[in-house]
Amino acid sequence: MTLLQRLILAFIPAARRAEAEAETRAWHYTCEACGHARSVWDLGGIRWKASGQSVTRTKCPACGTIGFHTLDKRTTH
Ligand SMILES: [Zn+2]
């Protein structure tokens, strides 16, 4: 867990922290070039009580392409 995650989780009631972590782990950035997916949790972030999709432009660690990564929520891993 990163410092940022610890700080954010400190503001979430203890009973909801597991839920916040589980939901964050469900959110993934997927590389449009190769399909490589990384969870928001693994990237050191928190995403909770969010919906919808977003797209960001970044470098993929798998294929090295600088391109679009789609952020979406998955129900399975
Ligand atoms: Zn890629």
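The values are calculated or read from the model by the stated rules, or taken from the named source; none is laboratory data. Here the structure is a predicted model, which is why all the values come from computation and not from measurement. Backbone-built Cβ (ideal geometry, glycine too); neighbour counts: all protein chains shown.
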Revision key, fill the gap. By my count, strands (runs of 3 or more DSSP E) wholly in the chain with at least 3 residues that are touching a Lys or Arg at 6+ places or on another chain (Cβ under 6 Å) and without any contact (Cβ under 8 Å) to a residue 60 or more places away in the chain are 27-31
Check your understanding: Taking region 34-43 as the search range and keeping residues that are within 13 Å of the ligand (Cβ to nearest atom) and surrounded by fewer than 15 Cβ atoms within 10 Å (Cβ to Cβ), which one is nearest to ILE66 (Cα to Cα)?
Key -> CYS34
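Which of the residues spanning region 1-33 are in contact with a strand residue (DSSP E or B) (Cβ under 9 Å, 6 or more places away or on another chain), aliphatic (A, V, I, L, M) and away from the ligand (no atom under 16 Å from the Cβ)? Walk me through how you get there before you give the answer.
Looking only at region 1-33, we keep the residues that are in contact with a strand residue (DSSP E or B) (Cβ under 9 Å, 6 or more places away or on another chain), and these are 23-33.
Narrowing the set further to residues that are aliphatic (A, V, I, L, M) leaves 26, 33.
Scanning region 1-33 gives a single hit, ALA26.
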Point to revise | Residue list for region 44-74, filter: surrounded by 14 or more Cβ atoms within 10 Å (Cβ to Cβ), closer than 22 Å to LEU9 by Cβ and out of contact with any helix residue (DSSP H, G or I) (no Cβ under 6 Å at 6 or more places or on another chain) | key: GLY45, LEU71
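Given the criteria of a type in the set (Gly, Ala, Ser) and at pLDDT below 95, does ALA50 qualify? Let's see the steps before the verdict.
On the way: of a type in the set (Gly, Ala, Ser): yes; at pLDDT below 95: yes.
Answer is yes for this residue.
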